[in-house]
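Nothing in this text is a laboratory measurement; each read-out follows from the coordinates by a stated rule. None of these values were measured; they are calculated from a predicted model. Cβ sites come from the backbone with ideal geometry, for glycine too, and all protein chains shown count toward neighbours.
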Amino acid sequence: MKKGFLSFFLFTAFALALCPSCKDDETAEWKNVAFSVASNLAPENGTIPYEGSTVVFTVTTDGKWTYAIDQSKTDWFTHPTVDGMTLAILIPENTVSRERSGVVRFISVSDPTLVEEFTITQEPGPVPPEAPKADLLDVVFHADGTAEDVSPLKNEVLSYPGTALTCYYHDVYKRIVTNYTHTPGQGSRKDSYYRVDYYTNETFKQGLDDGHTLEVVLRSNRNDGTKEYKPFSAHEAGGTGFLICKEGQGGHPACITFLPNVSTTGKSTWRWAQSDVTPEPGRYYHVVGVWDKTAEKAYIYVDGQLKGTADAPGELIHAKDGARWFALGGDSAVGSMGNAWNGEVVLARVFDDALTGDQIALLYQDAAFAGQTPVEFALSNLTYLTRCEIGAGYTYTVYGNGFAAGDKVKFTSSANVTAAFTADAAFTEASGDNTLQSLAVTLPAGIPAGTGRYFMALVRNGSQYPLGTVEFTVCDNPSVSMPRIIAHRGQHQDGVENSTENSIAALTNAQKLGIHGAEFDVWITADDVPVINHNATVAGSDLRIEESAYAQIRDLTLANGEKLPTLDAYLEQGAKDASMKLICEIKTHSSAASNTRAVNAVVAAVKAKSMETRVDYIAFDYEVCKQLRAAMPAAGVQYLGGDKAPAEVAADKLSGIDYQYSTVLSKKPEWVTEAHAGGIEVNAWTVNSTADMMACIALGVDYITTDNPATLKKLLETPFVTAPK
């Protein structure tokens, strides 16, 4: 019993199999039996080639036998077959590049003390070929919109953010990708692209000069075949890169093209390697362009297949000076970006060598998008809060055009791309005065508390399209603070007629609109009469206001036929609506003395009409601001210059900063937080586009000064975040 127990204990980890002739009662007592096992292995503990083989064991015994295989280590042994006194084991091909071994034990059933053990070892499989590594440029995008080069050269990748560039995490490619919504082929773009300078890096330049390979994974959103547009290129009277050519170029359709400039004469000569693959909107393509200097050929590969060849003898002609850089999202140009891209760029790489077809097949193997179902997205006019407080159960709404019933919205944390959720969206069609559709998403329970940044992607039929990014501050009692509207020089456009800036009519229009305030500009005449005008001269006249007596300019008219308004007349109209603030900008005159004259005249006029609490002040001259603060302590006084940090303005007891959004606040958004921390307010000027309005709302500014107050009012009345009912 003891010996039998030991035998059982030793083999519980093995798969035991009795030969077909074995009977249970024959194990009742041990017998003196002969027992030996031979195999076709040479030597008996031999090595199997990696391709695989069948190992046959032959058992010689006058008793019964069985075998055991250690399944924890040899699950790759397949189809063991017993046939009489033989055991055959099929050893499959070793597909991994390491040696493997397993143990087979044969046991006499008649006498379990008789055991023979064989170790089968199989050679490692061949090391699979690796895709080549980009040695000149390998761009990786980051969640914050920046990018870096992870090639050995570590080139600097400059980012030019803008409203036509978004990034998001791609579930299939497992990386951050970029999407560009430029008008296809648009030129002279100053933003929404990336730039990599190469020409001053001799290694990079020489790598291109002696033959090179470019790789890109792209998706085109739309193209009508009338414009060249480029995802990744350095073309300007020379260079190399990719494009979608125009319909009919060289007798080809609008197709994916590799275009190096290679010449035997030193003059610009384009070598058109055209694929004849017209990109299907919404479909991803792996594209490789090769210039083989030795073979004097240019090749274009699409999804691993050679699709086009062009003769390309000679030397590479680089782009002209000032455009010797690679653009992602368009094409290099002097002072700007051209041939703007509309679509996605997943990756962009440059190799020193002219890669072979086999190497390109390996690149495609790594980047293939198997089973994709292309979906054409035609989204436009996207409008949403890019930053807000919100809570679980609250509804977050995205507005735009091109949505459809059944669309969903996926949110992916930029800090942890594995943290993502997809929410159903309530679709509302545009109707009446509302020209935008909407998708309303209810945030689920369990969304992490605190502040986090999320990529938003529209999900339709399994495909995704980036909507942008949003910063949620998840809390128990969220609130959305909306800025107040100031009509810049009154309401002189945006739905009104027979009006002009700084006119009484423009002020009246703003009063009818029912907004917070109207801004106007004041100059002082030589005889101390304050008048309303933006420029130092009145349109149609060469007379400088501060150098002229009022009698000389009183009959000058504005574009709408009004006489040049005086401050007194403006205040009289302003007094008719006690709910509206008047925002008086005192213009910077030619001397400090004239500035002071203007301050004194304005203060006297306002006090004469008892409107001290109705008028606030702004100025570019900091000394003027301090004079106004001293003279009118009950009024708001904000500095316009944009060159002083909020802490300095707060220290001088001004009520706020009034800075240009495009050049100051968009570059230093932290100044909004700093201003509020210092107890002062923030006004942003002059904010006219919906995108900039939404950005200012997200920044949390207190006021927006705009030429389009009616548009802004409608926008602020739009529900972007709503509490659960």
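Listed values, structure above:
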item: Computed magnitude of the charge dipole of region 156-288 (debye, nearest 20; Cβ of K, R +1, Cβ of D, E -1); result: 280 debye
item: Karplus (6.51, -1.76, 1.60) ³J(HN,Hα), θ = phi - 60°, over region 232-240, in Hz, Gly and Pro reported as x; result: 7, 7, 9, 10, 5, 6, x, x, 8
item: Neighbour-count ranking [beta-carbon atoms within 10 angstrom, fewest first] of Phe620, Phe204; result: Phe620, Phe204
item: Under 27 Å from the Cα of Lys293 - lysines, other chains or at least 8 residues apart; result: Lys133, Lys154, Lys205, Lys230, Lys246, Lys267, Lys307, Lys320
item: Nearest-20 debye value, region 137-367 charge dipole, Cβ charges on Lys, Arg, Asp, Glu; result: 580 debye
item: Computed over region 269-385: relative contact order in percent, which uses C-alpha pairs under 8 Å that are six or more apart; result: 26 percent
item: 5 angstrom amide H check on Arg100, placed H, neighbours 5+ away; result: Gln122
item: Percentage relative contact order, the chain, counting C-alpha pairs under 8 Å, at least six apart; result: 9 percent
item: Region 479-609 - charge dipole about Cα centre, Lys and Arg +1 at Cβ, Asp and Glu -1, debye rounded to 20; result: 420 debye
item: Lys/Arg +1, Asp/Glu -1 at C-beta; the chain dipole; positive extreme among Trp270, Gly102, Asn688; result: Asn688
item: Built amide H within the under 5 Å cut-off of Leu382, gap 5+; result: Asn401
item: Dipole of the chain, positive end: most advanced residue of Leu436, His488, Gly250 [Cβ charges, Cα centre]; result: His488
item: Three-way shape label, region 137-367, alpha-carbon gyration tensor, a/c 1.5; result: rounded
item: Square roots of 5 times each gyration tensor eigenvalue, C-alpha, the chain, largest first, Å; result: 75, 34, 21
item: For region 161-218: rounded, prolate or oblate by the Cα gyration tensor [a/c cutoff 1.5]; result: oblate
item: Rounded Å value of the spacing that divides the Cα centres of region 473-512 and region 363-401; result: 31 Å
item: Hz values of 3J(HN,Hα) by residue in region 389-402 - Karplus curve (6.51, -1.76, 1.60), Gly and Pro given as x; result: 7, 7, x, 4, x, 6, 9, 10, 10, 10, 10, x, 10, x
item: Residue order, fewest to most surrounding Cβ atoms within 10 angstrom, among Thr395, Thr213; result: Thr395, Thr213
item: Net charge, Gly679 excluded, C-beta distance under 15 Å - Lys, Arg +1, Asp, Glu -1; result: -3
item: Amide proton proximity set for Ile390, modelled H, under 5 Å, gap of 5+; result: Thr473, Val474, Cys475
item: Relative contact order, percent, region 429-547 [alpha-carbon distance under 8 Å, six or more residues apart]; result: 14 percent
item: On Cα atoms only, tilt of 504-513 relative to the major axis of the chain in degrees; result: 50 degrees
item: Listed residues Ala578, Leu628, Gly679: farthest to the positive end of the dipole of region 538-692 (Cβ charges); result: Ala578
item: Ranked list, fewest to most other Cβ atoms within 10 Å of each Cβ, for Leu90, Leu347; result: Leu90, Leu347
item: Antiparallel content of DSSP bridges confined to the chain, in %, to 5; result: 80 percent
